[in-house]
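Data first, discussion second: the structure below is written as structure tokens.
The values are calculated or read from the model by the stated rules, or taken from the named source; none is laboratory data. Every value quoted in this text rests on a predicted model; they were computed, and no experiment measured them. No Cβ is skipped: glycine too gets one built from the backbone with ideal geometry, and neighbour counts run over all protein chains shown.
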Amino acid sequence: MEMLRSRVEGELRSVLEKYFVVEHLHRMAVSFVESKLKESLIFSKLCVIHYRMLGGNHADIYKAAASLELIILGLDIIDDLQDQDHGSMPWCQAPSALSLNVAIGLLTAAHQSLLDCDFDEKLLLKSSELMNRQLLKSINGQMLDLLNDAGSEEEYIRLIEQKSASLLVLACMTGVMLATSEWNGTVAEYANEVGIAAQMKNDIRDMLNWEEKNDFIHRKKTVPTLYLIRSLGEQHWLASYFKGQGVPEEVLRRKQEIKQLCDIHGTLLYASVKMRTHYYKFMEVLESAQLDKNWKEQLVLCLG
């Protein structure tokens, strides 16, 4: 995987050098990519694994994989600017108008980078259509997330499927499409399930994280917060807060009380069980797939 990281990093830098010709734009984009490179690059890994797993052997798969990381980075920047959280990220410390312009450039460069790959034209067309379709799906999910009006766990999970899981499906299916030119329903299903589980894991983490991104302060309706509100009842002050009453400062003053409420009602345990249900479904579908055992093990290591 170290070779993969090196190849993808090289492709990312090449894209910025080629298409971001204004010095300030290039400099900002490089700093944003440097931040991205500190992460696991899971989307490019999933793309390459699925491509190799299904018999692909073209070197340009790393360029295609890099295009996925550019999409994810662009969407992350826009998401943070819209939510006004993650203040430590370099795009949140720069003027928002400039950061937004970089994000738009990254999304556009991602698509162009994919089209620059030396694959068969039909494969590129199908992969490009897949990228557009999944990106639009994620944008629709982001709108639902910004509206923050999920009234039930089922509605919130449908939101996750559109906003987050659709991007894991994109990563896996790009590798599949470039190797076989065909949609693989089994791959799409297990990618969707593990995508839901991953987002729910993040929600559990963010619930009582008071440093930067906290779902109570932002009144975010997620599986754990929806469960807690339902457990407390409509008359509880926290339920009223989630309806728009009160101020965030009140929540900050009552952090310990909120933690106790979560403990009393088993909120994190409940959310963890829900999250594991989707992860076990991922494992079940993966196990049923007609894939070599070694590739399955690689996917579990990558997504576990």
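A few notes on this one:
Yes/no per residue for (1) more than 28 Å from M177 (Cα to Cα); (2) of a type outside the set (K, R); (3) part of a helix (DSSP H, G or I):
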{"position": "Y51", "(1), (2), (3)": "no, yes, yes"}
{"position": "G56", "(1), (2), (3)": "no, yes, no"}
{"position": "A59", "(1), (2), (3)": "no, yes, no"}
{"position": "K63", "(1), (2), (3)": "no, no, yes"}
{"position": "S67", "(1), (2), (3)": "no, yes, yes"}
{"position": "I72", "(1), (2), (3)": "no, yes, yes"}
{"position": "G87", "(1), (2), (3)": "yes, yes, no"}
{"position": "W91", "(1), (2), (3)": "yes, yes, yes"}
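- Filtered residues of the range 238-250 (kept if surrounded by 14 or more Cβ atoms within 10 Å (Cβ to Cβ) and either in contact (Cβ under 8 Å) with a residue 12 or more places away in the chain or touching a Lys or Arg at 6+ places or on another chain (Cβ under 6 Å) (or both)): L238, Y241, F242
- Selected residue [farther than 21 Å from I157 by Cβ and modelled with pLDDT of 95 or more] from W183, W210: W183
- No other residue among M28, M3 is surrounded by 13 or more Cβ atoms within 10 Å (Cβ to Cβ) and in a helix (DSSP H, G or I) apart from M28.
- Residue list for the range 251-272, filter: exposed (fewer than 13 other Cβ atoms within 10 Å of the Cβ) and more than 29 Å from the chain's Cα centre (by Cα): R253, Q256, E257, Q260, I264
- Single residue of the range 148-175 satisfying the filter (β-branched (V, I, T) and over 14 Å from R133 (Cβ atoms)) that is farthest from the chain's Cα centre (by Cα): I157
- Among the residues listed as M200, M143, M131, the single one being not polar (S, T, N, Q) and not assigned by TED's automatic domain parsing to the domain that holds M53: M200
- Any hit, the range 93-104, residues being part of a helix (DSSP H, G or I), among the β-branched types (V, I, T) and surrounded by fewer than 17 Cβ atoms within 10 Å (Cβ to Cβ): yes
- Looking across L147, L136, L170, one residue alone is crowded, with 24+ Cβ neighbours inside 10 Å, out of contact with any Pro (no Cβ under 8 Å at 6 or more places or on another chain) and either free of Cβ contacts under 8 Å to residues at least 12 places away in the same chain or farther than 19 Å from K274 by Cα (or both). It is L170.
- Yes/no for H86 being surrounded by fewer than 22 Cβ atoms within 10 Å (Cβ to Cβ) and modelled with pLDDT of 95 or more: no
- Qualifying residue in the range 35-45 (condition: closer than 17 Å to A171 by Cα, at pLDDT 95 or above and in contact with an Asp or Glu (Cβ under 7 Å, 6 or more places away or on another chain)): yes
- Among the criteria (1) more than 22 Å from L208 (Cβ to Cβ); (2) within 28 Å of the chain's Cα centre (by Cα), the one E234 does not fulfil is (2).
- Qualifying residue in the range 51-59 (condition: surrounded by 17 or more Cβ atoms within 10 Å (Cβ to Cβ) and within 17 Å of the chain's Cα centre (by Cα)): no
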